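Below: the structure, in structure tokens.
Every number here is computed from the coordinates shown, using simple stated rules; none is lab data. If you're wondering where the values come from, they're calculated on a predicted model, not measured in any experiment. Positions of Cβ are backbone-derived with ideal geometry, glycine not excepted, and every protein chain shown enters the neighbour counts.
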Amino acid sequence: MGQFRLLVVKPSSLGDIVHALQVVAALKRSRPEISVSWVVRDSFAPLVRASGLVDALIKYRRGGFCPLLGLLQCCRRIVASGSYGVVWDMQGLLRSALMGRWARSKRLIGRRDGREFSRLFYGEVVSEAKSPHAVDILSQFLPTLSVEAVAMRPIGFASEQLPPCGLFAGERTIVISPESRGSAKEWKHYGLLTENLCRRFPNYMFAWVGLGVGGHIAPEGFENFFDLRGKTSIGQLTGLIGRCDGVIANDSACMHLAAAMAKPVLGIFLCTDPRRCGPYPLDADGHFVAMAPSSIQFRQLEAFLLHVHGTPTKSCGI
């Protein structure tokens, strides 16, 4: 009898993939005999591979001259990959449902909140979650393989070595991600915050990460500040977060990645609801959330720094 095979369809986005990986990690702890294949956008494939949870990747290339061609090529790869016992469409869109239909499986299971007529293609939909958080919604896939929802544990991502830059020479290292997918989710005062942190904690190292977009102006003249935007691969980012002492970020992939790796994290939220997309789990020791219409709640920043430092810190509000 052959090995039971699961196909996960979750091409994007990076933060959503982190959520799905947390669910698959819970599955593999309970059912390690299941072989997991994953349909993922080619640009995000390194993160899924680095998780060590997936046996095979099926890459999807979106965009280009003809977006439909990318979808058809991906469907051909799915057909060529063989048959599956179950397909989980964790994306819940028309294209992901079509990908799932091309897989050779008698069970195509989708999201109850699927959009773009995706639910027309599902043989089953998962139960409604009691919590609005994205991880809890995706956790409803677990019972379809006779796995009860379990507490999430940290994911240990493989990492690439960072180039030598003296970043970890200080007492603590804090990673700051000023960018997010969508400018409406980006707090605009990271430059001022970082300047104050560099002055008040000269023995700490601070590093900005991201793609280098969004118009954020990095502070200058601080030996304990490193601007690594556009200079780190996904593998280097996981290595950086794995070694750092805490992360400050918008609602972004960096925040979700830090939470999945059980790092202290301060999530700064503007237009999105942290009950749905905050650092998971929201009640974890070391996970902090601040709502920021113009500046952030000082007590949350202080609580985060206290957790990182381990002793009371002087004021660092802006």
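Which FRET efficiency, nearest 0.05, do Arg101 and Thr272 yield, Cβ-Cβ r, R0 45 Å?
E(calc), rounded to 0.05, equals 0.90.
Per residue, how big is the convex hull of segment 5-145 when only Cα atoms are used? Give it in Å³.
98 Å³
Can you list the aspartates and glutamates whose alpha carbon is less than 17 Å from that of Lys231, not counting same-chain residues fewer than 8 positions off?
Glu160, Glu179
How long are the three semi-axes of the equivalent ellipsoid for the chain, computed from the Cα gyration tensor as the root of 5 times each eigenvalue, in whole Å, largest first?
That gives 37, 20, 18 Å for the three semi-axes.
Can you give me the long-range amide H partners of Phe226? Hydrogens built in the peptide plane at 1.01 Å from N, cutoff under 5 Å, separation of 5 or more residues or another chain.
So Phe226 has HN proximity to Phe206, Ala207, Trp208.
Mind checking the full-extension length gain between Ser13 and His189? Use 0.36 nm per residue of separation minus the Cα-Cα distance, one decimal, nm.
Stretched fully, the Ser13-His189 segment lengthens by 60.9 nm.
For Arg243 and Asp55, compute 0.36 nm times the residue count separating them, minus their Cα-Cα distance, and round to one decimal in nm.
Numbers: separation 188, 0.36 × 188 = 67.68 nm, distance 2.62 nm.
Once the chain is fully extended between Arg243 and Asp55, it gains 65.1 nm.
If the reach is capped at under 16 angstrom between alpha carbons, list the aspartates and glutamates near Lys59, excluding any in the same chain fewer than eight residues apart.
List returned: Asp42, Asp89.
In the chain, which whole DSSP H runs stretch at least 24 Å along their own axis (Cα) and average 0.0 or higher on the Kyte-Doolittle scale?
Helices meeting the span and hydropathy rule in the chain are 14-30.
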